[in-house]
Amino acid sequence: MNSDSLTFIFLNACIMNNFVLSMFLGICPFIGMQGNLKTAVRMGMTVTFVMVIASICATAVNLLLAYLHLEYLRLICFVCVIAGAVQLVEMLLKKKSPALHGALGIYLPLIATNSAILALALFQSLNQYSFIQGLAYALGAGAGFSLVLVIIAGLRERLALPGAPDVGRSAALSLIVAGILSLAFMGFAGVGY
Amino acid sequence: MSTVTNTAAAPYSLATLLNGMWKENPGLVIALGMCPTLAVTNSFVNALTMGLATLFVLVVSSAVVSLLRSFVPTQVHLVTHLVIIATLVTIVDIAIGAISPQVYRALGVFIQLIVVNCIILGHAQGYASKSTVYRSALNASGTGLGFTLALLCLGGVREVLGTGEFMGAPLFGERFEPWAVMALPPGGFFVLGGWLLAISWWKRRTGKKSAGVEQKQAA
Amino acid sequence: MSANPHILELRTSPHVHGPNSVQTIMSNVMFALLPIAAFAVFLFGISALALICTTTTVCVVTESLVCKLSKKESTLGDYSAAITGLLLALTLPPGMPLWMAAVGSVVSVCVGKALFGGLGQNAFNPVLVGLAFIHAAFPIEVSSWTLPLAEGRFTSFMGTTLTVPFLSPAAFDGITGATPLALQKFEHVTTGLGELFLGTTAGCTGETSDALILLCGAYLIARKFINWRIPASTLGSAFLTSLVFYAADPEKYPSPFFTLFAGGLILGAIFLASDMVTSPVTPLGMWVYGGLIGFLTVIIRLFSGQLEGVMYAILLGNAVSPIIDSLTQPRIFGARRAKAKL
């Protein structure tokens with residue numbers, strides 16, 4: 001598989017180099033999250049949505065900074081533009097689509113400063129992806145993030161059953177579970193080479 | 001007025017520092033800001049660099065935020081804080097690149113990700129924007145040192161087990177079989193999980209002991 | 001029931017218990033594994049025997065220590081620790097250094113089971129947790145196989161078996177041999193089906209003889225100790241997935257029969273995937289679960305850098321089984337289907 005092909009970019013971000021399991025990005029929400037499948041699905045959708053926005057912003061910022069020769073301002077611009085864009089989108093959603101806002105809204109401000117989002121923008125510029133490739137990367141990363149979030153939520157619903165030791169409700173077990181998942185995802189290492 | 005705050009601040013100092021370092025240790029106990037923690041803690045040097053970088057950003061951003069706290073209107077708090085932190089991180093990023101290109105390559109994007117470390121923004125928003133420069137910088141140093149300590153705990157264990165070396169020097173002789181998994185992502189999860197378990201076990205034990213002593217005293 | 005006839009004994013459901021206790025099930029699984037272990041010792045000699053003894057002992061000892069430390073009643077009586085050890089040995093290569101196998105056993109029992117709260121609450125199959133840990137920690141040793149029926153296998157250990165703890169093996173044996181999967185993947189040499197079926201090939205200690213595993217599995221299924229749906233769906237799905245690729249390009253991809261009989265697919269489908277604790281409970285869920293495992297196994301074997309995908313596939317299946325369960329829950333009789341709202 002060509003490493004520039006959209007399928008590879010998508011799969012790479014989703015499975016082989018999963019943001020959560022191999023790069024530890026955006027762990028805070030899933031450690032803090034109480035086990036609930038519905039919340040996880042919504043959260044995953046929101047993250048994917050914000051990632052797409054961030055990807056578009058990153059492409060625009062990169063173009064602008066390259067034009068102005070101000071590449072060293074990239075980080076500051078990313079942070080501000082992404083936070084601003086997410087807030088704009090939130091206001092827009094509130095006005096135009098209250099239903100969607102009800103589903104995703106509460107997580108939006110929280111996610112705007114999530115490390116996975118900024119990392120997406122940074123990796124995208126590091127790999128010099130085009131606009132379309134960036135979108136594939138964002139969708140893949142979002143899908144992978146949601147996948148892990150949903151799996152962990154499902155497992156936590158089981159782990160929170162009465163009878164499980166106190167450890168079962170702590171962050172430590174979440175981490176161990178993530179570690180085992182990360183071991184399992186190693187099965188996909190080397191796909192596409 | 002000033003004497004009152006001074007006397008209040010004096011016993012505050014060491015307790016504040018220690019509180020941030022151990023009791024509310026950000027990396028291990030609150031388990032916050034782990035995103036950058038785990039990814040680059042596969043060696044001691046990486047962990048140290050990352051910890052010091054975070055410490056610097058944390059302390060300076062706290063001081064600056066605290067200095068500016070009466071000039072910045074509440075509505076633009078978040079954005080101002082983000083800009084301050086991002087500026088400092090950019091400085092650190094460029095500095096590490098100049099000092100040690102090797103470490104810079106190993107840490108990669110993760111230095112820049114210090115921006116979104118929950119601890120730094122949380123500290124700026126929750127503490128520094130409400131207290132004096134001295135106090136917030138002191139508290140930030142405690143938190144930052146604690147964070148560095150936690151990173152070193154992780155990086156040390158992962159490097160020793162994962163490569164059989166400590167800071168590049170072989171520890172167990174040539175034929176030691178390294179546990180490759182410890183340097184890989186799953187190892188990061190396992191080691192952090194293990195530390196958290198150990199700490200909660202230790203705290204529960206000491207908690208029980210002190211409770212037992214109190215009961216005896218009451219009897 | 002009670003000593004005082006005037007006291008009414010009240011109990012919560014379930015009131016009717018099946019005849020199978022954990023102990024009966026586990027001891028039968030144990031008996032079903034013994035012939036496989038015996039055949040492994042015949043193929044690979046005393047190294048295999050030492051491996052089996054080590055993992056089983058370490059698992060049992062760890063379990064009893066864990067019970068003591070957490071001040072719980074000893075759970076050794078349910079044989080689950082012994083089975084974990086036995087299965088772990090059967091899924092490792094016969095020449096595995098014993099200390100590495102012991103590390104894997106400790107991880108199996110501590111991380112895979114005790115941390116979750118013991119048998120019945122573990123989210124992942126403990127055997128596979130230990131195995132995956134070994135695969136990630138010691139990748140070279142775990143992929144060095146030995147040819148079966150070597151001369152002198154009953155009188156001397158393989159060179160790697162007796163490695164000093166925490167050191168790497170001095171030298172790998174001269175008689176190492178690639179497994180059928182490796183031969184197929186790297187050299188495009190397909191091993192004959194007869195050989196695969198009988199099990200006289202290189203491979204993990206207990207995975208080689210498909211005939212024997214199927215026989216033992218059939219016994220467990222006939223006595224309803226494992227649910228037939230899971231092995232059936234796993235193997236069926238692996239066969240179909242492999243058939244699709246084979247039909248597309250028979251030169252490049254192995255035949256579906258090869259997929260089925262090479263490697264540890266059959267052992268995994270019968271003894272590892274069907275673990276009651278970590279698999280779905282609804283009939284439909286079992287089909288979905290098995291189907292997923294079979295599909296992922298073939299995908300990992302064909303497209304990733306790993307030779308064998310069964311272990312990873314079953315772990316992933318374990319991970320999603322709570323979700324499969326909650327999605328395939330049968331409707332309560334008379335209740336309206338709630339609209340799926342996300």
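Values quoted throughout were computed directly from the atomic coordinates according to the rules given, and no laboratory measurement underlies them. Everything quoted here is computed from the prediction, not taken from an experiment. Glycine also receives a Cβ, built like all others from the backbone with ideal geometry; neighbour counts cover every protein chain displayed.
Odds and ends about this structure:
- Gyration tensor (Cα) of segment C:180-328, equivalent ellipsoid semi-axes in angstrom: 25, 18, 12
- Sorted by Cβ neighbour density within 10 Å, fewest at the top, the residues A:Val41, A:Val148: A:Val41, A:Val148
- Dimensionless Rg/Rh of segment C:19-177 - Kirkwood Rh, Rg from C-alpha atoms: 0.99
- Cα principal axis extents for segment A:77-149, largest first, Å: 36, 29, 22
- Taking the charge dipole of the protein assembly as shown about its Cα centre, with +1 at Lys and Arg Cβ atoms and -1 at Asp and Glu Cβ atoms, the residue from C:Ala248, C:Ala319, C:Leu43 reaching farthest to the positive side is C:Ala319.
- Within 10 Å of each Cβ in B:75-83, the average number of Cβ atoms from other chains: 2
- Of the three principal axes defined by the Cα atoms of segment A:6-184, the extents in descending order read 61, 39, 28 Å.
- Cross-link pairs beyond the 28 Å C-alpha cut-off, checked among A:Lys38/A:Lys96; B:Lys203/C:Lys72; A:Lys94/B:Lys130; B:Lys203/C:Lys71: A:Lys94/B:Lys130
- Test item: A:75-88 mean partner chain Cβ contacts at 10 Å: 3
- Summed residue charge, Cβ within 14 Å of C:Thr179's Cβ, Lys/Arg positive, Asp/Glu negative: -3
- The aspartates and glutamates whose alpha-carbon is closer than 19 Å to the alpha-carbon of C:Lys113, local same-chain residues fewer than 8 away aside, are A:Glu157, A:Asp166, C:Glu63, C:Glu73, C:Asp78, C:Asp275.
- For the protein assembly as shown, Kirkwood radius (reciprocal of mean inverse C-alpha pair distance, Å): 28.1 Å
- Nearest-0.05 FRET efficiency for B:Val133 and B:Met167, computed from C-beta distance (R0 30 Å): 0.25
- Distant-in-sequence amide H partners of C:Leu167 (H built 1.01 Å from N, under 5 Å): B:Glu177
- With each label modelled as a point 7 angstrom along the Cα→C-beta vector, the A:Leu6-C:Leu8 pair spans 7.0 nm.
- Average partner coverage of C:320-326, which counts Cβ from other chains inside 10 Å: 5
- Using bins of 10 Å that start at zero, the share of Cα-Cα pairs per bin across segment C:96-239 amounts to 10, 28, 37, 22, 3, in whole %.
- Choice from C:Pro97, C:Pro139, C:Pro254 showing the highest fluctuation, given a GNM over chain C with Cα pairs closer than 10 Å: C:Pro139
- Radius, Kirkwood style, for chain C when every pair of distinct Cα atoms is counted (Å): 21.1 Å
- Rounded to the nearest 500, the helix-only mean residue ellipticity at 222 nm of chain C stands at -15500 deg cm²/dmol, with each DSSP H run of n ≥ 4 adding -39,500 (n - 2.57).
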